[in-house]
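Data block below; observations after.
The values are calculated or read from the model by the stated rules, or taken from the named source; none is laboratory data. Keep in mind it's a predicted model, so treat the numbers as computed, not measured. Here Cβ is always computed from backbone atoms with ideal geometry, including for glycine, and neighbour counts include all displayed protein chains.
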Amino acid sequence: MRYYPVFLDLRGRRCIVIGGGDVAERKVLALLDAGAEVTVISPELTAGLDGLKRAGRIEHAERRYQDGDLEGAFIVIAATSDMEVNRKVSRDAGNIPVNVVDVPDLCTFIVPSVVRRGDLTIAVSTSGASPALSRSIREEMEGLYTEDFSILVRHLARIRKALTGTDMPPERRTHVLKRLGSREVLRILRTEGPEAALRHVEDTLRSLGLESLL
């Protein structure tokens, strides 16, 4: 099966996680990192989840899953060891996107392996065929895309925002942004470091007559 890759804006969205174990904790942390409002439904919680509850970062229904628990959810993640519960969550979700951890047949979406470097997000998936391979590829990507990339992304985001506030024709704006985000910039970042990459971006702006954006 081929999945359609998409990035969701979860800020302020109600996301429900069924389960309170280690896997559920990892899912909850990822959702919180994306700005979601998370409710966990489980009789028990890991120490980490309990800490998030006491800090007011998650809501907790201290019981087993029951009918009606998915009302108002934007997405649902089932992370329990009880397959009957997981199957029921999958059925009950209806049109709500649902992920049952490690059971693609019960999912309407799957969660890829992810590399994050600031606003740079790289997602890797084998469409559920081999999560282990996805993890290995992710680990390789982590070595290729270091924290230096987040510096470059922040700088380019500032320039892009400044460009959108001008009356520059869209075609020229696209050309400028392509030059600033070229493979040459990536090469310089990898071989010479972030300062050299930022200097290259600035030199490119000067060559295009856009010193005002510096």
Inset, instruction - Specify which of the listed residues (36, 30) is closer than 30 Å to residue 155 by Cα, at pLDDT 95 or above and crowded, with 20+ Cβ neighbours inside 10 Å. - result: 36
Inset, instruction - Answer yes or no as to whether residue 207 is outside the structural domain of residue 103 (by TED's automatic domain parsing) and either surrounded by 12 or more Cβ atoms within 10 Å (Cβ to Cβ) or under 26 Å from residue 8 (Cβ atoms) (or both). - result: no
Legend entry - Selected residue (only one of 115, 98 is in contact with a helix residue (DSSP H, G or I) (Cβ under 7 Å, 6 or more places away or on another chain), surrounded by 15 or more Cβ atoms within 10 Å (Cβ to Cβ) and without any contact (Cβ under 8 Å) to a residue 24 or more places away in the chain): 98
Inset, instruction - Name, by its number, the condition in (1) under 22 Å from residue 84 (Cα atoms); (2) surrounded by 15 or more Cβ atoms within 10 Å (Cβ to Cβ) that does not hold for residue 58. - result: (1)
Legend entry - Every residue from segment 1-27 that is under 16 Å from the mean Cα position of the chain (by Cα), surrounded by 12 or more Cβ atoms within 10 Å (Cβ to Cβ) and among the hydrophobic types (A, V, I, L, M, F, W, C): 8, 10, 15
Legend entry - Meets criteria (of a type in the set (Val, Ile, Thr) and in contact with a Ser or Thr (Cβ under 6 Å, 6 or more places away or on another chain)) for residue 176: no
Legend entry - Filter pass, residue 134 being more than 20 Å from residue 32 (Cα to Cα), among the polar types (S, T, N, Q), part of a loop (DSSP other than H, G, I, E, B) and at pLDDT below 95: no
Inset, instruction - Search segment 157-180 for residues that are assigned to a helix (DSSP H, G or I) and pair each with any residue that is surrounded by 13 or more Cβ atoms within 10 Å (Cβ to Cβ) and polar (S, T, N, Q) when their beta-carbon atoms are under 7 Å apart and the residues are at least 6 apart or on different chains. - result: 179/204; 180/204
Inset, instruction - Would you check if residue 80 is modelled with pLDDT of 95 or more and either within 19 Å of the chain's Cα centre (by Cα) or not in a helix (DSSP H, G or I) (or both)? - result: yes
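Let's see how each residue does on (1) touching a helix residue (DSSP H, G or I) at 6+ places or on another chain (Cβ under 6 Å); (2) hydrophobic (A, V, I, L, M, F, W, C); (3) part of a helix (DSSP H, G or I):
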position	(1), (2), (3)
52	no, yes, yes
59	no, no, no
68	no, no, no
72	no, no, no
76	yes, yes, no
84	no, no, yes
